[in-house]
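What follows is a short report on a single structure.
The values are calculated or read from the model by the stated rules, or taken from the named source; none is laboratory data. Keep in mind that this is a model prediction, so the values were computed, not measured. Quick reminder, even Gly has a Cβ in these numbers, built from the backbone with ideal geometry, and neighbours come from all protein chains shown.
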Amino acid sequence: MYSTIMAHFWFKFLGTTGFTLTFFSAYIYLLKNPAAHVTVMPVTLLDRLVGFEPLALPIYLSLWVYVSLPPMLMRTRREIIEYGMWIGALCLVALVIFYFWPSAVPPANIDWAAYPGMAFLKNADAAGNACPSLHVATAVFSAFWLHALLPSAGLGRVSRAVSACWCVAIVYSTLATKQHVALDVFAGTALGVLVAWLSRPKPALAASW
């Protein structure tokens, strides 16, 4: 596993960093400059059942570790580039939706000043660009790829179970931090599953799906 992680390490590290910076530049621009009327997403029964939980913040932020794992488990530059193109396509689809149909979550009626960590998140990542939830879409996409890649790194069923639980926890955290509503989560899940299915690994890894 160590040799797999270290293979093209700097290519992975710099590629992931560059991709993240490029994505956030576009994401924040659309967040601050909506091109149309912003639709406020409706609240459903599920949103009422999932209460606010400030302890979910670390799980929410752990997405950035989670989504970096698939490329770290790849051995060739070709794999890494192809993976980057697919997750880039996922993000591009969401950004196009945000441009033509900007959306936001409704106010949560919570005093964010009482929760410094949450207040920082709300200032850094406002309630816009809500549907589909890119947080959920990228987590689900990464979960499918990790399911395929973990056995090739010498890790078995336990690692797959941990990965699945981690993904579910991230999805839950988007509701528990009130960054998204249930409709955002469902749309993000659908987008993540669709792109993961379209980007299925090549035959060498197909048996692990």
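Points worth noting:
- Looking across segment 23-55 at every residue that is loosely packed, with under 14 Cβ neighbours inside 10 Å and of a type in the set (D, E, K, R), the one that is nearest to the chain's Cα centre (by Cα) is identified as LYS32.
- Among the numbered conditions (1) touching a Ser or Thr at 6+ places or on another chain (Cβ under 9 Å); (2) farther than 18 Å from SER173 by Cβ, the only one that LEU63 does not meet is (2).
- Pair list, Cβ under 7 Å, 6 or more apart: segment 41-60 residue in contact (Cβ under 8 Å) with a residue 40 or more places away in the chain, other residue of a type in the set (Asp, Glu) and surrounded by 15 or more Cβ atoms within 10 Å (Cβ to Cβ): MET41/ASP184
- Considered as a group, the residues in segment 164-185 that are out of contact with any Ser or Thr (no Cβ under 9 Å at 6 or more places or on another chain) and not in a loop (DSSP other than H, G, I, E, B) include one that is surrounded by the fewest Cβ atoms within 10 Å (Cβ to Cβ), and that residue is CYS165.
- Taking the listed residues MET85, MET72, MET41, the one that is among the hydrophobic types (A, V, I, L, M, F, W, C) and either under 16 Å from HIS180 (Cβ atoms) or in contact with a Pro (Cβ under 6 Å, 6 or more places away or on another chain) (or both) is MET41, with no other qualifying.
- Test: ILE80 is in contact with a Lys or Arg (Cβ under 8 Å, 6 or more places away or on another chain) and surrounded by 15 or more Cβ atoms within 10 Å (Cβ to Cβ): yes
- Residue in segment 162-172 that is of a type in the set (S, T, N, Q) and either at pLDDT below 95 or closer than 27 Å to VAL43 by Cα (or both) present: no
- Flag if THR138 is under 20 Å from CYS91 (Cα atoms) and among the hydroxyl-bearing types (Ser, Thr, Tyr): yes
- Residue within segment 62-71 that is part of a helix (DSSP H, G or I), hydroxyl-bearing (Ser, Thr, Tyr), surrounded by 13 or more Cβ atoms within 10 Å (Cβ to Cβ) and on the phi < 0 side of the Ramachandran plot present: yes
- Filter result (among the aliphatic types (A, V, I, L, M), in contact with a strand residue (DSSP E or B) (Cβ under 7 Å, 6 or more places away or on another chain) and not in a helix (DSSP H, G or I)) within segment 9-40: VAL38, VAL40
- In segment 1-29, the residues that are within 27 Å of LEU121 (Cα to Cα) form Cβ pairs under 7 Å with partners that are at pLDDT 85 or above and not in a helix (DSSP H, G or I), at six or more places apart or across chains, as follows: THR16/SER68.
- Boolean, ALA126 is at pLDDT below 95, over 14 Å from the mean Cα position of the chain (by Cα), part of a helix (DSSP H, G or I) and closer than 23 Å to GLY51 by Cβ: no
Condition check ((1) under 17 Å from ALA137 (Cβ atoms); (2) not in a helix (DSSP H, G or I)) across all residues:
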| site | (1), (2) |
| --- | --- |
| PRO42 | no, yes |
| ASP47 | no, no |
| ILE59 | yes, no |
| ILE80 | no, no |
| GLY84 | yes, no |
